[in-house]
Amino acid sequence: METSFFAHETAVIDPDCSIGEGTKIWHFSHIMSNCYIGEQCSIGQNVVISPEVRIGNNVKIQNNVSVYTGVICEDDVFLGPSAVFTNVINPRSAIARKNEYKPTLVQKGATIGANATIVCGVTIGRFAFIGAGAVVTKNIPDYALVVGNPARQTGWMSEFGQKLKFNAEGIAVCPESREKYCLENGKVLKLDDQLYAKTKP
C-alpha cells in the first residue's frame, strides 16, 4: 500500500499510528501504537516515540531522542539530539505506575537543545528555548531562554532564535527578522500579538 510519508526500511512502525503527509522517519526509529505525527515532520535516527504521543506539523526530532507517553509537541517544535522526556516523577522498577503518567506540553515553536531532560508535568511555552544539557523541572514562559541544571531563565528569545535586548521602554527588536517584542509584567509578546490581546473581546 502506498503511503504519503517516507520510512527507512529499518524503522519500525507499530499498528494504528497516524503519520502525516511528507513526514520522514529515519534509520532504526520506533514509532509505537496509537501515535499521531503531523505533516512534514523529520524523525531522525534511533528515535523512540511511545504510544499515544502527539506530534504536530513541521516538528524536527533529531537523533537518539526519546518521546514518552504523555508528551504533546505542537507545531514547529525542535527537539535536539539525545533530548529526553520523562513521564513518571518517582519511578521504581518493581512498582507499576502507568496510571500515574504526568502530561508534558511543548508549545508551538519551542526549541529543546541537545541532551536536555524534560521532567514530566511541565509546560514549555511558545518559542521558548531550552539550552543544551538543561534539566527542566518547572513551567517555562513563552519566549524564555533557560539553561543549566536545574534550568534557570537567563533571557528571552525571538521567534527566529535570536536573543532579545529590551530597552527602557520594554521594547526589543529581533536582529534577524526586525520584528518587535514587548516585555510587560514579566511576560514577552510579539508587538502584533500584544495589540491583538488588548483589542479582542
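Of note:
- Residues in segment 21-51 that are under 15 Å from ILE61 (Cα atoms) and of a type in the set (Gly, Ala, Ser) were compared, and the one that is surrounded by the fewest Cβ atoms within 10 Å (Cβ to Cβ) is GLY22.
- Residues of segment 89-111 classified as part of a loop (DSSP other than H, G, I, E, B) and more than 29 Å from ALA132 (Cβ to Cβ), total: 4
- Any hit, segment 140-161, residues being of a type outside the set (A, V, I, L, M, F, W, C) and out of contact with any strand residue (DSSP E or B) (no Cβ under 9 Å at 6 or more places or on another chain): no
- Where GLY121 falls short, out of the listed (1) on the phi < 0 side of the Ramachandran plot; (2) not polar (S, T, N, Q); (3) not in a helix (DSSP H, G or I): (1)
Only the coordinates and a few stated rules stand behind these numbers; no lab work does. Please read these numbers as outputs of a predicted model, since none were measured by experiment. Every residue, glycine as well, gets a Cβ built from its backbone with ideal geometry; the counts of neighbours run over all protein chains shown.
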